[in-house]
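Okay, structure first, notes after.
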Amino acid sequence: MPIPVPPPSYQPIKAFDLVRSAMLEINTIAANETPNAGDAGWGLEKLQRLIDKLNAIRQAIYGVTFTEFTLIPNHAPHTIGPTGDFVITPRPVRIPYASFILNPGQGANEVDAPPINIRDAAWWASLPTKNLPSSVVTDLYYDPAVPNGNLNFWPICTLSNPVRLETYTSLVVPITLTTQLTYPTGYWDAIVLTLASELCSAFGVPADTRADVGGRARLAMSIIIGNNAKPPRIRTDSSMPNSGNSGRPDFDFLTGLNDN
């Protein structure tokens, strides 16, 4: 009986198909075979751990989501996660951007949603007035606790205004071998090959096969990371003569000459 071929990565793929493909890559099963229940279960655990790890790597995240949540008046901290005040699964690794909506329900635009300053633990620790009440939120310190993260909005809002939070779009972690998964272009190969590489030790795969699949896994992963990596911002002070105070003349890149 021929083995069904899984669909392209932009259509749902069963976790079982990813595990089977990974085992084929390291020759632990033949093309006309399927893994037994024990091997498939171990492959599923390794797949779950792999995707959980990828969700913690910024360069492996392919997109972001902007979601509005309504604040609970005079409540602190707000929790976010699978059982938090703001329900989202999994709980965010970090909150890179947030805004406070001043006029909810009135066709609010960006002018009505000023950004909230994202603060770190040192700022929060040094803040002497953590319980200050206000009708407007200006700052946020996010503590990524488990299972729910803590959103420390400051000042503590006395109104039920919405906030808009940016969170990373996480890959779905499969629950069972029949869980349907959908990935962007390039992720299918990267996940299968990386999973295959991580299964090698459990199945006693020869060193040459390990090296081959490991090299292909790194190449496939570099492709998706390259697509997700943001280009760095470059700032120049070229408009300020001799801005470095080094005593050397400035270089004019338009003329190729030093300014004296």
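Read-outs: derived from the displayed coordinates by stated rules, not from any lab. Fair warning: this is a prediction, and the values are worked out from it, not measured in the lab. Backbone-built Cβ (ideal geometry, glycine too); neighbour counts: all protein chains shown.
Observations, loosely collected:
- Gyration tensor verdict on the stretch 82-194 (Cα atoms; rounded if a/c is under 1.5, prolate if a/b is larger than b/c, oblate otherwise): prolate
- For the stretch 39-52, backbone phi angles converted through the Karplus equation (6.51, -1.76, 1.60; θ = phi - 60°) give residue-by-residue couplings of 5, 5, x, 5, x, 5, 4, 5, 5, 4, 5, 5, 5, 4 Hz, Gly and Pro being listed as x.
- Relative contact order for the stretch 64-168, counting Cα pairs under 8 Å that sit 6 or more residues apart, in percent: 43 percent
- DSSP beta bridges in the stretch 64-168 [antiparallel fraction, %, rounded to 5]: 75 percent
- Backbone N within the stretch 18-44 under 20 Å of label point (7 Å from D52 Cα along the Cβ vector): 18-20, 38-44
- Förster radius 51 Å - calculated FRET efficiency between T34 and T70, Cβ distance, rounded to 0.05: 0.60
- Approximate spin-label separation N131-T83, in nm, with each point projected 7 Å along Cα-to-Cβ: 2.7 nm
- Extension gain (nm, one decimal) between N117 and T178, 0.36 nm per residue minus Cα-Cα: 17.7 nm
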